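Okay, structure first, notes after.
The values are calculated or read from the model by the stated rules, or taken from the named source; none is laboratory data. Since the model is a prediction, treat every value here as computed from it, not as a measurement. When we count neighbours, we look across all protein chains shown, and the Cβ atoms used for this are built from the backbone with ideal geometry, even at glycine. Quick note on the areas: whole protein, heavy atoms, side chains included, nothing else; ligands and nucleic acids left out. Shrake-Rupley method; radii C 1.70, N 1.55, O 1.52, S 1.80 Å.
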Amino acid sequence: MENKGKHISEQFDNELKSVRNAVLSMGGMVEKQLTDALLAIESNDGELADAVLSNDKKINSLEMDIDGACTRIIAKRQPTASDLRLIVATLKTIADLERIGDEVKRLARVAKESFSSDQKHLLVSLENLGQLVIHMLRQALDAFARMDGEAAFEVHKADGNIDRQYEAMMRQLMTYMMEDPRSIPKIMDVVWSARSLERIGDRCQNIAEYIIYNVYGKDVRHMSSENMADTVQRKR
């Protein structure tokens with residue numbers, strides 16, 4: 001009977017490990033999509049943009065597979081509180097990863113628009129913001145892989161830097177529109193792209209909150225940064 005219990009426990013651990021690996025695969029796919037979309041904008045590569053749009057279906061399919069696996073685990077294993085927290089964090093994470101994929105699609109559509117040589121300067125700030133967001137997504141996925149609450153808190157704080165860069169970029173773009181009204185259509189493409197990047201930062205911040213919830217057992221979604229820091233530090 002003891003061996004049977006051990007076998008069931010090992011099966012359960014393997015199922016949880018498989019789900020976590022699938023989340024990281026999905027995250028890696030989303031990160032590549034984001035990198036490719038930004039590269040497509042920078043290089044005006046319509047074919048790469050089309051590939052990004054086409055690959056979004058794979059992300060959606062993977063989300064459904066992971067969702068189904070989590071549902072089966074809950075139904076079969078009746079997990080304890082700590083394991084249930086991990087499953088809930090996983091389900092919420094894949095939902096945000098799928099939404100990041102949706103924002104990436106918007107970037108890919110902008111990449112299919114052509115920018116003249118004298119409009120290329122509009123994309124410089126977008127590229128800089130994009131690199132910050134890619135780094136934040138990468139750090140969020142790394143924190144998820146290790147279920148590292150302190151690293152997740154650092155990711156959460158990083159969103160403030162993205163918000164500041166986004167706001168500065170918006171002010172700059174508004175100035176360009178006032179100086180040259182003819183450029184407004186192209187500037188709006190950049191505005192919507194920047195907005196998508198800012199939203200991706202918000203999604204990464206959400207993922208960080210799910211990790212903290214799983215590690216510390218505390219829902220921090222509406223906490224101030226100070227209270228969140230206290231939660232993390234008290235558990236050291």
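Assuming charge only on the beta carbon of Lys and Arg (+1) and of Asp and Glu (-1), the dipole of segment 1-127 about its Cα centre is about 640 debye to the nearest 20.
So what is the accessible area of segment 1-148 per residue, in Å², with the probe set to 1.4 Å?
I get 52 Å² per residue for this part.
What is the angle, in °, between the Cα long axis of helix 149-179 and the longest principal axis of the Cα atoms in the chain? Nearest 10 is fine, range 0 to 90. Roughly 20 degrees between the two axes. Accessible surface of the chain, 1.4 Å probe: 49 percent of it comes from carbon and sulfur atoms.
Candidates Pro185, Leu39, Thr80 compared by Cα position along the dipole of the chain: farthest toward the positive end lies Thr80, with charges placed on Cβ. Per residue, the average separation of C-alpha pairs within less than 8 Å and at least 6 apart gives segment 11-138 a relative contact order of 42 percent. With contacts taken as Cα pairs under 8 Å at a separation of at least 6 residues, segment 108-236 carries a relative contact order of 34 percent. When both segment 201-224 and segment 26-97 are represented by their alpha-carbon centers, they are found 18 Å apart. Note that segment 81-93 has calculated 3J(HN,Hα) couplings of 4, 5, 5, 5, 4, 4, 5, 4, 4, 5, 4, 5, 5 Hz, one per residue in order, obtained from phi through the Karplus relation 6.51 cos²θ - 1.76 cosθ + 1.60 (θ = phi - 60°); glycine and proline are x.
Taking amide H as placed 1.01 Å from N in the peptide plane, Phe115 has no amide H partner under 5 Å among residues 5 or more places away or on another chain. To the nearest 10 degrees, how steeply does helix 2-43 sit against the main Cα axis of the chain, on a 0 to 90 scale? Helix 2-43 and the main axis of the chain meet at about 0 degrees.
Look at the alpha carbon pairs under 8 Å that are at least 6 residues apart: their mean separation over the length of segment 139-212 gives a relative contact order of 55 percent.
Charge tally for Val155 (other residues, Cβ to Cβ under 13 Å; Lys, Arg +1; Asp, Glu -1): -4.
Using the Karplus relation 6.51 cos²θ - 1.76 cosθ + 1.60 with θ = phi - 60°, the per-residue 3J(HN,Hα) values for segment 47-61 come to 5, 5, 4, 4, 5, 4, 4, 5, 6, 4, 4, 5, 5, 4, 5 Hz, with x marking Gly and Pro. Of the trypsin sites (Lys or Arg not before Pro) found in segment 93-172, no site is in coil according to DSSP while having at most 12 other Cβ atoms within 10 Å of its Cβ.
Radius of gyration (Cα atoms) of segment 88-156, expressed as a multiple of 2.2 N^0.38 Å: 1.42. A simple rule links phi to the HN-Hα coupling: the Karplus curve 6.51 cos²θ - 1.76 cosθ + 1.60 with θ = phi - 60°, which for segment 192-201 gives 5, 5, 4, 4, 4, 5, 4, 5, 4, x Hz, with x for Gly and Pro.
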